[in-house]
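*Asks:* The structure that follows is given in the form of structure tokens.
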Amino acid sequence: NSTAANWVSRNIVAHYPATNITAICVGSEVLTTLPNAARILVNAMKFIHSALVASNLDNQIKVSSPLASSIILDSFPPSQAFFNRSWNPVLVPMLNFLQSTGSYLMLNIYPYYDYMQSNGVIPLDYALFKPLSPTKEAVDANTLVHYSNVFDAMVDATYFAMAFLNFTNIPVIVTETGWPSKGDSNEPDATMENANTYNSNLIRHVMNKTGTPKRPGIAVSTYIYELYNEDLKPGPISEKNWGLFDANGDPIYILRLTDSGSLLANDTTNQTYCTAKEGADPKMLQAALDWACGPGKVDCSPLLQGKPCYEPDNVIAHATYAFDTYYHRMGKTSDACDFNGVADITTTDPS
């Protein structure tokens, strides 16, 4: 207990709230990678939580421990999924802890490996979130629910596996998911194009807040594995190539995120612009334009008749000019491109 208290004091209290800490992972994939430590896992989580309680941070910061998705057996159809029963002596106390502290189940999901190990049963498009015709979607025969991607099916399998043990109100957070951009000759689908497709589609899917078929409308908080390639990691080439950036900080590929609102790609050149949102209410656009040219102190004289930015003479074009000028002047911060919800950040130059 004292070790946990010291650790929380040194690594959490000293940096919070200046650093936005939302959760503490006690180990990662402990049950499958370090099974000998499994019997002390829940106690360790409880000690960390007690230290947070003592620091009055237990409401802001939750404690959990990421699980490998391989702990779920018979994951398709999701309605039949259950946890590997040999781990119930650890999992049941862990789920009790998560439920009683308002925490979440953390899960690492890798559709890449599911696809690789399926021997052709899982189509590549189904793993990559690509649109499928209804006839190609996977159907859970028990619930008749259609699944259009591996990710949603795995999250729902986790909800069903928890329900099998009578836990029905613990949310799932995906603590690792991604796709490698390079692989050995026996990994032909570890390509830059597939990695970009997976991560771009994943971000769009999560940001849309559609949730999963079992929990619609509840966004699944998700962390991409990983920020940097690990060039010294042992194992196959793919193990070294999950990153969005290389060791120098250069993007491996630029994510395609044109429809994700203000969330932008890993484009380190920061060529971003602020434009009027398509389909925005013209009255609200006009009000935002008036504010930008008035209290916002944007020089809107180029929008006057006969001046260079008068054409096209419509509120969307004029608002975009004013919004973008203001956005650049304010240092391109995301809150400088809101204008009561009628503006969006984009990587496309509106001029």
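The values are calculated or read from the model by the stated rules, or taken from the named source; none is laboratory data. Bear in mind that the values here come from a model prediction, so they are computed numbers and not experimental data. Methodologically, a virtual Cβ is constructed for each residue, glycine included, from the backbone with ideal geometry; neighbour enumeration extends over all protein chains shown. Heads up: the accessible areas ignore ligands, DNA and RNA and are worked out on the full protein's heavy atoms, side chains in. Shrake-Rupley method; radii C 1.70, N 1.55, O 1.52, S 1.80 Å.
*Asks:* Can LEU98 be described as assigned to a strand (DSSP E or B) and of a type in the set (A, V, I, L, M, F, W, C)?
*Replies:* No; evaluated as a whole, the condition is false for this residue.
*Asks:* Let me ask something else about it. Being farther than 20 Å from ALA195 by Cα and assigned to a strand (DSSP E or B) is the filter here, so list the residues in the range 108-148 that pass it.
*Replies:* Once the filter is applied, which keeps residues that are farther than 20 Å from ALA195 by Cα and assigned to a strand (DSSP E or B), the range 108-148 yields ALA138, VAL139, HIS146, TYR147.
*Asks:* Does HIS146 satisfy the criteria of being farther than 23 Å from ASN96 by Cα and under 13 Å from the mean Cα position of the chain (by Cα)?
*Replies:* It is false that HIS146 is farther than 23 Å from ASN96 by Cα and under 13 Å from the mean Cα position of the chain (by Cα).
*Asks:* Could you say which residue among ALA37, ALA18, ALA5, ALA51 is surrounded by fewer than 14 Cβ atoms within 10 Å (Cβ to Cβ), farther than 26 Å from PHE83 by Cβ and either hydrophobic (A, V, I, L, M, F, W, C) or touching a Phe, Trp or Tyr at 6+ places or on another chain (Cβ under 6 Å) (or both)?
*Replies:* Exactly one residue qualifies, and that residue is ALA18.
*Asks:* Identify all residues within the range 204-220 that are touching a Ser or Thr at 6+ places or on another chain (Cβ under 9 Å) and under 18 Å from MET106 (Cα atoms); write none if there are none.
*Replies:* Residues satisfying the conditions are VAL206, LYS214, ILE218, ALA219, VAL220.
*Asks:* A further question follows. Quick one: is LEU132 buried (at least 21 other Cβ atoms within 10 Å of the Cβ) and closer than 20 Å to THR212 by Cβ?
*Replies:* No: the conditions fail for LEU132.
*Asks:* Just checking: which of the strands (runs of 3 or more DSSP E) contained wholly in the range 170-289 hold 1 or more residues that are open to solvent by less than 60 Å² (accessible area, probe 1.4 Å), under 26 Å from CYS25 (Cβ atoms) and modelled with pLDDT of 95 or more?
*Replies:* Here the list reads 172-177, 222-224.
To keep it simple, each residue is scored yes or no on (1) exposed (fewer than 14 other Cβ atoms within 10 Å of the Cβ); (2) of a type in the set (S, T, N, Q).
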{"site": "ASN1", "(1), (2)": "yes, yes"}
{"site": "VAL13", "(1), (2)": "no, no"}
{"site": "ALA44", "(1), (2)": "no, no"}
{"site": "ASN56", "(1), (2)": "yes, yes"}
{"site": "ILE61", "(1), (2)": "no, no"}
{"site": "SER64", "(1), (2)": "no, yes"}
{"site": "SER69", "(1), (2)": "no, yes"}
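*Asks:* Can you tell which of TYR310, TYR321 is within 20 Å of GLY294 (Cβ to Cβ), among the aromatic types (Phe, Trp, Tyr) and open to solvent by less than 50 Å² (accessible area, probe 1.4 Å)? I'd like the intermediate steps shown before the answer.
*Replies:* On the way: TYR321 fails: open to solvent by less than 50 Å² (accessible area, probe 1.4 Å).
Just one listed residue meets the conditions, TYR310.
*Asks:* Oh, and also: Taking THR32 and the conditions (1) free of Cβ contacts under 8 Å to residues at least 60 places away in the same chain; (2) within 16 Å of ILE173 (Cβ to Cβ); (3) polar (S, T, N, Q), which numbered condition does it fall short on, given that it satisfies the others?
*Replies:* (2)
*Asks:* A further question follows. Enumerate the pairs (first residue in the range 125-141 and without any contact (Cβ under 8 Å) to a residue 40 or more places away in the chain; second residue anywhere and of a type in the set (D, E, K, R) and surrounded by 13 or more Cβ atoms within 10 Å (Cβ to Cβ)) with beta-carbon separation below 7 Å, excluding pairs fewer than 6 apart on the same chain, so at least 6 apart or on different chains.
*Replies:* LEU132/ASP125
Yes or no, residue by residue, for (1) in a loop (DSSP other than H, G, I, E, B); (2) farther than 13 Å from TRP7 by Cβ; (3) in contact with a helix residue (DSSP H, G or I) (Cβ under 9 Å, 6 or more places away or on another chain); (4) not assigned by the TED database to the domain that holds ASN108:
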site	(1), (2), (3), (4)
ILE24	no, no, yes, yes
THR32	no, yes, yes, yes
ASN36	no, yes, no, yes
ARG39	no, yes, yes, yes
PHE47	no, no, yes, yes
SER50	no, no, yes, yes
ASP58	yes, yes, yes, yes
SER75	yes, yes, yes, no
SER79	no, yes, yes, no
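*Asks:* Now a separate question. Which pairs have Cβ atoms under 7 Å, sit 6 or more apart or on different chains, and link a residue in the range 145-160 that is on the phi > 0 side of the Ramachandran plot and surrounded by 23 or more Cβ atoms within 10 Å (Cβ to Cβ) to one that is outside any helix (DSSP H, G or I) and among the polar types (S, T, N, Q)?
*Replies:* Listed by first residue and then by second, the contacts come to nothing, as the list is empty.
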